[in-house]
Structures are given as structure tokens and as C-alpha cells.
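Chemist: The structure that follows is given in the form of C-alpha cells.
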Amino acid sequence: MATIAVLGTLDTKGREHAFVAETIRARGHATLLIDVGTGGEPVVAPDIDRASVAAAGGLDLAALVATGDRGACVAGMAAAAQRLLASLAAEGRIQGVVALGGGGGTAIAAAAMRVLPIGFPKLVVSTLASGNTAHYVGTSDLVMMPAVVDIQGLNRISRTILTRAAGAICGMVEETIAVDADRPLVVASMFGNTTRCVEAAIPRLEAAGYEVLVFHATGTGGRALEALVSSGLVAGVLDMTTTELADEVVGGVLSAGPDRLDAAARHGVPAVIAPGCLDMVNFGERNTVPERFSGRTLHAHNPQVTLMRTTPAECAAIGGLLAAKVNASRGPVTVLLPRGGVSAMSVPGGPFHDAEADRALFGAIEAGLRPDVPCIALDCDVNDPAFARACVDALLAGMRERARAADAESH
């Protein structure tokens, strides 16, 4: 039997949370009903009341409510619920968490759940789940389920949705997961246009004893990669697809933010960096490409994704940024340049082939790097098996160097 936290604003959505808790208990699990409301009195009795939640975050609930600022109340209870859930999970008092919410309830629940470890069951039934959920999910594995109707009362639709949600969280906690924690982790970045490169690299790393986690370089993927590297769980970084830098510099929709490429450098994690897919900037459907880019070389990757070729000037700026980030590295780092094309689209004859832009990119990288950072140029494209082999060999050498240095420090 597991204990599942049922978290929500029990003043406005108490009956609905109680229904979910009852359904969970009928499945044989225990529940811990947690109130994060700041309005009227809860309509059902919580197991952990709102004052206790606030206290877990070092807040005075009465003083918070007295401000009369709903935004401040939501932010305060979100921060407090983070502390509480993290503590309950670390102590083994809960094995999963489910919440129901409109705008405020979703903000509180999602913020609280994002601090829980990857793999910890977490589910929010939300009226906002059918829109852009990136700011709720972040880099976590939080599951958001559309409420379809407002979470206001129990009716034939809401009962169906809430019953399925209760079943979903029960199913999550009931599953056991076998984890091979013996092999050190390597993280790699990939896009559709660098897939063959990463696919060729993975077997070589696995044969060397590493487990490889691949992140799709779509903004969220890059942020997730950076977060995992910062956690201290990663032995090496195979950053073959740094395309998110192009979106950050030019203004595409798949930027991972200004901190991309910083985690490995900051923490001294051995890394190999390549300019994979820096020939492209991402937008949505063709009609979403900003007017200022009219006349540019565009390619429909699919009906929902339009790619734009980077210009020589943009490539120079992107290359300079990449070099600056690499220069901050405190550990072994190598840069590899595929002179035959940085993606499947920029090879000779490809829709994004532009020798001048590639020269600007490579030149800016080479000119901007610290003299002690190895920069290896190969006369092949990024998806050539020879390029993958060179990247893996460089990363394995960097990880061996890091291991030797750590061994020397311990003695």
C-alpha cells in the first residue's frame, strides 16, 4: 500500500479533492489530504492544514492572508508546498501526489511538484492542461491531465475525469521500476538532423560502460540536460546538437534560455561540444515566421515546424557565443567541427548548404576559443560515423583525464 498526497485548495475545490481521495482509498492506498487554500474555510477536513503548509515554508499564514493580495498568497503557498512535499517525499511518507486546479491551484501544485525527483509519480488535473504547459511542467516529468470542464462540482463529466485521474496516480505508484545505477551517465543532445550521429555514438559509449541519456534539443530538452548536469549525476556531456543557441541568438521558438552550455562548464564535467544544427532557427507553422525574416531561406520540416537558415552574420554571432561558453569550462572540454555540414540539411546539395555561413560559424568558434581548448576540424559532415567516433573518443579521453585528476586529489 502506498500513501498518495492529494493537494489542493480545499475551500473552493474540497469536494472534488475528497472524491479523488476516496477513489484512491477504494483502490487500496492511503491518502494524505493537504490544504493549500487561503480563502474561506475548507469544506473537508485536511490531514495537513494550510497553517502547517505555510509554516513548512517559514510563512505566517495569517499575515499572508491579511495582505489581501491573491497573487502573493498563491506564490507564498506554492513555495511552502514545495518545501512540504520535498520533505514528505524524502522521508518516505508519500509515494505519489495528485492535485486538481484552476489557475491558482495549478500554479501552486505544479510549482510544488516540480521539485520532486524524476520518476516520483505526480499528476495535476487542470483546466489549463490543453494550452501551453511549459511554465508549469518545466524540466520535470509532471503529468498534466485536462479537466475538460471546470473543477466545480461533481457531475457526469467531472466524475469520469477525476476517477480516471485517481486510477492514473494509483497505477503510477503501483509500478515498480528496475534501475541500473551501476553505469555512469553520459548525456547527449540530438535533433532529427543529427540523429544518425548520436545513434552511432551511443553503442560506443555503452560498450565503454556508460549509460546514455539523449535529450531532444527543443528548448525544454536543453534545459532538462542542463539541470541534470548540475545535479552532479553526470559523468560526461556529448553536446553534439547545440542548435538551441541559434534560437536564442536569432529569436526562434526553441531557445533553451541564456544558460545553455553553462552547467558542464561551471561544474567541470568533461564535455565534447559540436555545432550540430546551428544552421537552423525554429518557428511554428509557416505563417508564424516573423515578418522581419521575409525573403529568408525557409524549409517546412513538417506542417507545424518551419526551419530558417542562419546567415553568415548570425553564424558569426552564434559561434562567438558558443566559444565564450566553452571558455568558461573548468574541466576537460573539446570542440569538434564537421566541415562537411553541421546538419543533414547543410551538406552539399542540401537545402541549407551555405559555405559562407559555415565558414563564418567555424571561424568565429576557432577565433574565440581559449588557446588551451582542443578544437578538431574533420572533413566530414556531422552525421558521418567518423565524426561520431571522434566525438566519443574525445569524450572518453576527457572522462579518463577527469578520473585521474580526482584520484590524484584524493591522495
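Chemist: Could you grab the pairs with beta carbons closer than 6 Å, sequence gap of 6+ or different chains, first residue in the range 210-239 and within 16 Å of Ala274 (Cα to Cα), second one of a type in the set (S, T, N, Q)?
Modeler: Phe215/Ser189; Ala217/Ser189; Ala217/Thr241; Ala217/Thr243; Asp239/Ser189
Chemist: Could you check how many residues of the range 242-251 are surrounded by fewer than 22 Cβ atoms within 10 Å (Cβ to Cβ) and among the small types (Gly, Ala, Ser)?
Modeler: 1
Chemist: While we're on this one: Here's a check for you: in the range 88-133, which residue that is of a type in the set (Ser, Thr, Tyr) and part of a loop (DSSP other than H, G, I, E, B) is surrounded by the fewest Cβ atoms within 10 Å (Cβ to Cβ)?
Modeler: Ranking the candidates gives Ser130 first.
Chemist: Across the range 211-235, which residue is nearest to Ala256 (Cα to Cα) among those that are part of a helix (DSSP H, G or I) and of a type in the set (D, E, K, R)?
Modeler: Arg223
Chemist: Shifting gears a bit: Would you check which residues across the range 205-241 are over 20 Å from Pro117 (Cα atoms), surrounded by fewer than 19 Cβ atoms within 10 Å (Cβ to Cβ) and of a type in the set (A, V, I, L, M) and list them?
Modeler: Ala207, Ala208
Chemist: Also, I was wondering about something else. Counting just the residues of the range 240-282 that are touching a Leu at 6+ places or on another chain (Cβ under 8 Å) and part of a strand (DSSP E or B), which one comes out nearest to Pro351 (Cα to Cα)?
Modeler: Met280
Chemist: Only residues that are surrounded by fewer than 15 Cβ atoms within 10 Å (Cβ to Cβ), within 28 Å of the chain's Cα centre (by Cα) and over 21 Å from Ala208 (Cα atoms): list them for the range 344-398, please.
Modeler: none
Chemist: What is the one condition in (1) in contact with a Phe, Trp or Tyr (Cβ under 8 Å, 6 or more places away or on another chain); (2) over 21 Å from Ala224 (Cβ atoms); (3) of a type outside the set (S, T, N, Q); (4) modelled with pLDDT of 95 or more that Leu154 does not satisfy?
Modeler: All conditions pass for Leu154, except number (4).
Chemist: Sticking with this structure for a sec: Inspect the range 29-43 for any residue being among the aliphatic types (A, V, I, L, M), surrounded by fewer than 24 Cβ atoms within 10 Å (Cβ to Cβ), at pLDDT below 95 and touching a helix residue (DSSP H, G or I) at 6+ places or on another chain (Cβ under 7 Å) and give the result as yes or no.
Modeler: Scanning the range 29-43 turns up at least one residue that is among the aliphatic types (A, V, I, L, M), surrounded by fewer than 24 Cβ atoms within 10 Å (Cβ to Cβ), at pLDDT below 95 and touching a helix residue (DSSP H, G or I) at 6+ places or on another chain (Cβ under 7 Å).
The values are calculated or read from the model by the stated rules, or taken from the named source; none is laboratory data. Being a predicted model, the structure only gives us computed values, none of them experimental. Using ideal geometry, Cβ is built from the backbone for each residue, glycine included, and neighbour counts are taken over all protein chains shown.
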